[in-house]
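Asks: Before I ask anything, here is the structure I am working with.
The numbers here are math on the coordinates, done by the rules we state, and not lab data. Here the structure is a predicted model, which is why all the values come from computation and not from measurement. Every residue, glycine among them, receives a Cβ derived from its backbone with ideal geometry; neighbour counts consider all protein chains shown.
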Amino acid sequence: IDFEEAVPDEFNFEEIRKTFDVQPISSRSMDDVRERCLELVNDMRLEDTFAVIDLHAVVKLYEHLKKRMPRVTPHYAVKCCPDRGIISTLAALGAGFDCASQGEVELIKELGIDVDKIILAHAVKRPVDLRCIAEHGVKFTTFDSESELHKMFAARLNECKLVLRIKADDPMAKISFGAKFGAHMDDIPKLLSTAQLLGMDIVGVSFHVGSSSRNPNAYRNAIQQAKDVFQQGYHYGFKMNLLDLGGGYTGLFDQTGNIDESPCDFSIIAKALDDIFPKDQWPKLKIIAEPGRYFAQSPITIASMVYGKRETVKASGDLHYDYYITDGLYGCFNGVIYDGLETPAYILKSTGDGSMPELELRLGLQHESTIWGPTCDSADCVMRDTMMTELNNGDYVLFPDSGAYTLAGSCDFNGIEATKARKFYVWGDRMCPTCTVEQLDSELFLPLKPPCELLQHITPETRASDGVDAGVE
Ligand code: PLP
């Protein structure tokens, strides 16, 4: 297998730093990413959703994966977050790419990355994707049906090497793919013989145990099944030597800045590889994986501004607050629908005094609150009936660890250009600690300049003197 494997001796970050204007941030306080958000809001008077992308986190994640599974070359699943900074960083580190469409292949090529680094890992390709394989000379693609073999044959794509995707679901994974993709083991002989008849070249096996897998033994079972397919393939004349472990890995950082492998221990997967495909017996075996979430989730913090507020007195006499923020289910929080996204949050409070950031932890009075997205759709709700301290217009809600399947799926419904959320690249020293929804209970109080002129007159200082209260709403 001729996957280009030039892993650079030394990672050269200089060009990426210039292209993406990556700002170093040092740990002056407990959380550098949050501090950077504060600086951005103050300096640039931002008033819309933005994302802070920590490319150092991407590097750490890559190095961790290579250290823990040295035989595996990651091919980043571009669909998860087709961010140019993340892709360029991974390319510079030596990663390959899992593309699932013509658009993704073209993005990779536009960034100057060699087509040899691409596997078109969609088992059912549209006509336009088949043409893209021919046009760009994509060398590897997956399939799981006879129909796909016939399509490839009819499109004269015999040059493209095939990887047979098998079904191998982890029942504990957050999102499973088995109902949609992957050949059943009973169907393997039929697929192998059809490929043989058509003169197609099957060079390996792929699987996806499901996104956010919680069971490394699901990988072991799948690797075992893959070996079985390798052996069956041998009888049909296919000398397979590509094993594609798919995605499913989680890449969150713990409080000490280390990568938390508790959901899925890499050493168990590495051991399964060594047990089932011992290195000395399989010297030419090329092993790749297609992590998406692993690389995109924790490097990205999404910040969304509160721009509207409504207070209601409930029958019990308690207050309920509705807040309206600049991002919602048609924007980054599409992940709430499609990806089971849970949305822990930090709050950046506006005090309007413009002083330098100083972090202070303050507990406020808790009220039942609902956070709505910006569109007119009443289904556009980010958090419902959550106990949290009172927010005001101009405050920001920060969602750490929110890069996977969020920005990627945004649309511009309601004329709100969620797809144009601004991005700021940083080179963080420390990770934003992964937080839980319960952390909404504690309020992180940051002095914050009002983000725009419109909101300036409702800051606490001016509110009293103007006699204006919720005028802007
Ligand atoms: N590979 C394939 C073929 C996929 O369909 C996906 C996700 O949809 C991925 C890799 C990435 O999965 P994850 O984000 O769970 O790593």
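Asks: What does the charge add up to near Ile371, with Lys and Arg as +1, Asp and Glu as -1, over the other residues with Cβ less than 13 Å from its Cβ?
Replies: Net local charge, Ile371 excluded: -4.
Asks: Okay, moving on. Show the residues, 5+ positions off or on another chain, whose built amide H is closer than 5 Å to the amide H of Ile175.
Replies: Hits under the 5 Å cutoff: Ser211.
Asks: In region 105-206, what is the count of Lys pairs whose alpha carbons are under 15 Å apart, counting only pairs at least 8 residues apart or on separate chains?
Replies: Within region 105-206, the lysine pair count is 11.
Asks: Another question, then. Taking R0 as 45 Å, what's the FRET efficiency between Ala315 and Met44 from their Cβ-Cβ distance, rounded to 0.05?
Replies: Calculated value: 0.55.
Asks: Using a ≥ b ≥ c from the Cα gyration tensor of region 97-220 (square roots of the eigenvalues), is it rounded, prolate or oblate, where a/c under 1.5 gives rounded and otherwise the larger of a/b and b/c decides, a/b for prolate?
Replies: oblate
Asks: With r as the distance between the Cβ atoms of Ser378 and Asp116 and R0 = 60 Å, compute the FRET efficiency 1/(1 + (r/R0)^6) and round to 0.05.
Replies: Using R0 = 60 Å, I get an efficiency of 0.75.
Asks: Just list whichever of Lys66/Lys271; Lys66/Lys284; Lys67/Lys239 have alpha carbons separated by over 21 Å in the model shown.
Replies: Those over the limit are Lys67/Lys239.
Asks: For region 216-232, take each phi angle, set θ = phi - 60°, evaluate the Karplus expression 6.51 cos²θ - 1.76 cosθ + 1.60, and give the result in whole Hz per residue in order, putting x for glycine and proline.
Replies: Each residue's phi maps through the Karplus curve to give x, 5, 5, 5, 4, 4, 5, 5, 5, 5, 4, 5, 4, 5, 4, 5, 4 Hz.
Asks: Here's another thing I want to ask about it. Counting other beta carbons within 10 Å of each residue's own, what order do Ser193, Ser316, Ser304, Ser206 fall into, fewest first?
Replies: Ascending Cβ contact count within 10 Å gives the list Ser316, Ser193, Ser304, Ser206.
Asks: In addition: In which sequence would Arg45, Arg165, Arg214 go, from the one with the fewest C-beta neighbours within 10 Å to the one with the most?
Replies: Arg45, Arg214, Arg165
Asks: Taking the Cβ of each residue in Thr194, Thr389, Thr142 as the centre, tally the other Cβ atoms inside 10 Å and list the residues starting with the fewest.
Replies: Exposure proxy ranking, most exposed first: Thr194, Thr389, Thr142.
Asks: Between rounded, prolate and oblate, where does region 55-296 land on the alpha carbon gyration tensor, with a ≥ b ≥ c its root eigenvalues, rounded for a/c under 1.5, else prolate if a/b exceeds b/c?
Replies: Oblate, since a/c reaches 1.5 and b/c is not below a/b.
Asks: Sticking with this one: If amide hydrogens are placed 1.01 Å from N in the peptide plane, which non-local residues have theirs closer than 5 Å to the one on Phe13?
Replies: Amide H to amide H, under 5 Å and 5 or more residues apart or across chains, Phe13 pairs with nothing.
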